[in-house]
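*Asks:* Just passing along the structure, written as structure tokens.
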Amino acid sequence: MSFFSSTTWIILTFLAFTVAVAVIASVKTKGDNLETADGYFLASRSLPGVVIAGSLLLTNLSAEQLVGTNGQSWATNMSPSAFEVGSIFTLLFLAHYFLPNYLKMGTTTIPAMMEERFGKNVKLMFSGIIAVMYSILNLPVILYSGAVAFVRIFNFDQYFGGNQFRAVAVLCVVIGIVGAAYAIFGGLKAVAVSDTINGVGLLIAGFLIPFIALFVLGRETGGSGIVDGWNYLLHNEPEKLNAWSAWNSAQPNVPWPLIFTGMLFSNLYWWCCNQSFVQRSLAAKSLAEGQKGSIYCGFLKCIGPLYLILPGIIAFHMPSIQETINGSSSPIDMAYPALIAHVVPKPIMGLFAAVLFGAILSSFNSVLNSACTMFTLDIVKSTRLGRNRSDKELVKISKMYGTIAAIVAISISPFVMYANGITTFLNSLANFLSLPVLCTVLGVIMFKRVPKWTPYLITAIHVIVYGAFLLIKPCYPGTTEEIHYLYAIAVLFPIFMILMAVLQKVCPSEEYVVKDTGAVDMTPWKYRWHFTIFGLVVAAAFYIVFSPLVLA
């Protein structure tokens, strides 16, 4: 048994799974033409629904989610589940409304679609901002959160004299190099295939964690197993199982009105307009497969709280790790790693590490691949730099940019350590761009007569007002608690919708007509409405169960 509990066994199982994913991805993409723009950036529009669902899930699900969201539930209750369960609503919007329009237009990137409606300068503005944001915000946070998980679970900082910053920095370099290799040399299909394999492993490992943790909790609190652990949760601070937080709850709680307003509007951007997510659906072999992938992913998000929220609740109740968590410089980001290190048996720790590593790679290489796509197709190809260049040359430029972006992200990532609460930090800053992009997309497919300068106006208003909100940090009436940033989104989005409706009437432009490019088969999925209704029932059931009416 000493062998199976040794560091050697952990390393061997970690390497075995990681190498197996790389080999399978290589075999699946062997013979693919990665020298054409369509083949490299959109997997030749050949992805089936299952692969799209897995890749969508893994693009969103990284160590940042595992560490950050479980940390939020440790600090609050089940209300952060809104980011998971609430995603099904926007994934249904993607399947039924956004995706049919995207595929009909033969969309390659979201900014390129904007160009046809609002002109090249709008495309360049958003492509440039998004590419920079990915490099200095999204990618560094992904690397940092993954590195922190590994440092805590495997005590990696002991090899650096206990210096956590150095340990995190080294891991960021390693993860960044491996992830960049997938995105830069494999193209979208290699990313999607590896995502699907890692997704299966992550779901298996992720579901094991709460059961193992409940077993350990039961033993530590005088019981004998999983049932006793669950009963302990139910009878000790059961309000932690409540998914409905008060309207004036402080971050990282998600106040209940935001489930249907600010968070919904923000998620419309993430799942329906964010390039790194939508690119998987744009690579669908048909509308039916794209709809399957979106709806399947919605179901997977509904069960996400089992491994993204519940472990944080268990960590809150587990006596043996409280000193470790509270003694950390950032307790909210240490709750999940501390739980993993404490409850996962050594024989399967290597497999869990490999799955976690795959989740980190998935988000990193997906975002990097999307940044490369936008930089090459939206910026280089439409300027003098890309004039008269072949697809092979454009792919080469994309690889060069990906290398530079990865180096920048790796350089910044260790310093994210000084931002307490990585999920809240990332989400609040990312919303600087959410509504301008969402409203511009709606200006293409919904408000077809708004003037061409509308995106500039909305972007300027949003950046000024939302930026002022984050700087001023207004508080709820009669309290010192800061108002949740999503309330700003809840107010601004309806204002922008009314503004576009007014502009369309007062100073209309020539009506924009969406053209069918014949890129893929546009026959919709036969059972889309059946699964849609079932998905809504599942989401409603979750909020009923995790409420004062049942468990809380």
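The values are calculated or read from the model by the stated rules, or taken from the named source; none is laboratory data. Keep in mind that this is a model prediction, so the values were computed, not measured. Here Cβ is always computed from backbone atoms with ideal geometry, including for glycine, and neighbour counts include all displayed protein chains. SASA here: full protein model, heavy atoms, side chains in, ligands and nucleic acids out. Shrake-Rupley method; radii C 1.70, N 1.55, O 1.52, S 1.80 Å.
*Asks:* If I go through the range 461-492 residue by residue, how many of them are closer than 20 Å to Gly128 by Cα and open to solvent by 50 Å² or more (accessible area, probe 1.4 Å)?
*Replies:* 3
*Asks:* Across the range 218-243, what is the number of residues that are under 17 Å from Ile321 (Cα atoms), in contact with a helix residue (DSSP H, G or I) (Cβ under 6 Å, 6 or more places away or on another chain) and part of a loop (DSSP other than H, G, I, E, B)?
*Replies:* 1
*Asks:* Do we find a residue being over 20 Å from Leu47 (Cβ atoms), at pLDDT 80 or above and surrounded by fewer than 24 Cβ atoms within 10 Å (Cβ to Cβ) anywhere in the range 289-300?
*Replies:* The answer is no, given that none of the residues of the range 289-300 is over 20 Å from Leu47 (Cβ atoms), at pLDDT 80 or above and surrounded by fewer than 24 Cβ atoms within 10 Å (Cβ to Cβ).
*Asks:* Which ranges mark the helices (runs of 4 or more DSSP H) fully within the range 343-460 that have 3 or more residues being more than 30 Å from Leu171 (Cβ to Cβ)? If you could, list the steps in order and put the result at the bottom.
*Replies:* Values: elements: 346-373, 391-412, 422-445.
The qualifying helices (runs of 4 or more DSSP H) are 391-412, 422-445.
*Asks:* Please specify each residue of the range 268-282 satisfying the condition of being modelled with pLDDT under 85 and either of a type in the set (Ser, Thr, Tyr) or not in a helix (DSSP H, G or I) (or both).
*Replies:* Within the range 268-282, just Ser276 meets the criteria.
*Asks:* Filter the range 253-267 for residues that are open to solvent by 20 Å² or more (accessible area, probe 1.4 Å) and either in a helix (DSSP H, G or I) or not aromatic (Phe, Trp, Tyr) (or both); which is farthest from Met497 (Cα to Cα)?
*Replies:* Asn253
*Asks:* Could you please let me know if Leu99 is under 22 Å from the mean Cα position of the chain (by Cα) and within 16 Å of Leu429 (Cβ to Cβ)?
*Replies:* Taking the combined requirement at face value, the residue does not satisfy it.
*Asks:* Give me the pairs: first residue in the range 3-19 and over 9 Å from Lys346 (Cβ atoms) and modelled with pLDDT under 70, second residue part of a helix (DSSP H, G or I) and open to solvent by 60 Å² or more (accessible area, probe 1.4 Å), beta-carbon distance under 7 Å, and six or more apart or on different chains, which are they?
*Replies:* Pairs that qualify, where the first residue is over 9 Å from Lys346 (Cβ atoms) and modelled with pLDDT under 70 and the partner is part of a helix (DSSP H, G or I) and open to solvent by 60 Å² or more (accessible area, probe 1.4 Å), are Phe3/Trp9.
*Asks:* Output the number of residues of the range 462-476 satisfying the condition of being over 20 Å from Lys123 (Cβ atoms) and either in contact (Cβ under 8 Å) with a residue 24 or more places away in the chain or aliphatic (A, V, I, L, M) (or both). Step through it out loud before you land on a result.
*Replies:* Going through the range 462-476, the residues over 20 Å from Lys123 (Cβ atoms) turn out to be 464-476.
Those still in the list that are either in contact (Cβ under 8 Å) with a residue 24 or more places away in the chain or aliphatic (A, V, I, L, M) (or both) too: 464-468, 470-472, 476.
Final tally of qualifying residues: 9.
Residue by residue, here is whether (1) closer than 19 Å to Ile129 by Cα; (2) buried (at least 24 other Cβ atoms within 10 Å of the Cβ) holds:
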position	(1), (2)
Met334	no, yes
Ala341	no, no
Phe375	yes, yes
Asp378	yes, yes
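*Asks:* Then there is this: If Pro111 satisfies all but one of (1) crowded, with 24+ Cβ neighbours inside 10 Å; (2) within 29 Å of Asn242 (Cα to Cα), what's the number of the condition it fails?
*Replies:* Here Pro111 clears every test but (2).
*Asks:* Here's another thing I want to ask about it. Can you pull out every residue in the range 68-90 that is open to solvent by less than 10 Å² (accessible area, probe 1.4 Å) and within 13 Å of the chain's Cα centre (by Cα)?
*Replies:* Of everything in the range 68-90, those that are open to solvent by less than 10 Å² (accessible area, probe 1.4 Å) and within 13 Å of the chain's Cα centre (by Cα) turn out to be Gly68, Thr69, Glu84, Ser87.
*Asks:* Scan the range 508-551 residue by residue and report those that are β-branched (Val, Ile, Thr), in a loop (DSSP other than H, G, I, E, B) and open to solvent by 50 Å² or more (accessible area, probe 1.4 Å).
*Replies:* Val513, Thr517, Thr523, Val550
*Asks:* Further question on the same structure: Which members of the range 35-65 meet the condition of being out of contact with any Gly (no Cβ under 6 Å at 6 or more places or on another chain) and modelled with pLDDT of 80 or more?
*Replies:* Hits for the range 35-65 are Leu47, Pro48, Val50, Val51, Leu56.
*Asks:* Criterion first (under 26 Å from Ser79 (Cβ atoms) and either open to solvent by less than 50 Å² (accessible area, probe 1.4 Å) or out of contact with any Phe, Trp or Tyr (no Cβ under 7 Å at 6 or more places or on another chain) (or both)) does Ile226 satisfy it?
*Replies:* Values: under 26 Å from Ser79 (Cβ atoms): yes; either open to solvent by less than 50 Å² (accessible area, probe 1.4 Å) or out of contact with any Phe, Trp or Tyr (no Cβ under 7 Å at 6 or more places or on another chain) (or both): no.
Here the answer is no, as Ile226 does not meet what is asked.
*Asks:* Looking at (1) free of Cβ contacts under 8 Å to residues at least 24 places away in the same chain; (2) part of a loop (DSSP other than H, G, I, E, B); (3) over 28 Å from Pro80 (Cα atoms), can you tell me which one Lys505 breaks?
*Replies:* (2)
*Asks:* Please go through the range 380-415 and give me each residue that is open to solvent by less than 10 Å² (accessible area, probe 1.4 Å) and aliphatic (A, V, I, L, M), ordered by number.
*Replies:* Correct list: Val380, Leu394, Val395, Ala405, Ala406, Ala409.
*Asks:* Would you pick out the residues in the range 91-108 that are crowded, with 21+ Cβ neighbours inside 10 Å and aliphatic (A, V, I, L, M)? Can you show your working first?
*Replies:* Residues of the range 91-108 that are crowded, with 21+ Cβ neighbours inside 10 Å, as a first pass: 91-92, 94-95, 98-99, 102-103, 107-108.
Residues satisfying the conditions are Leu91, Leu92, Leu94, Ala95, Leu99, Leu103.
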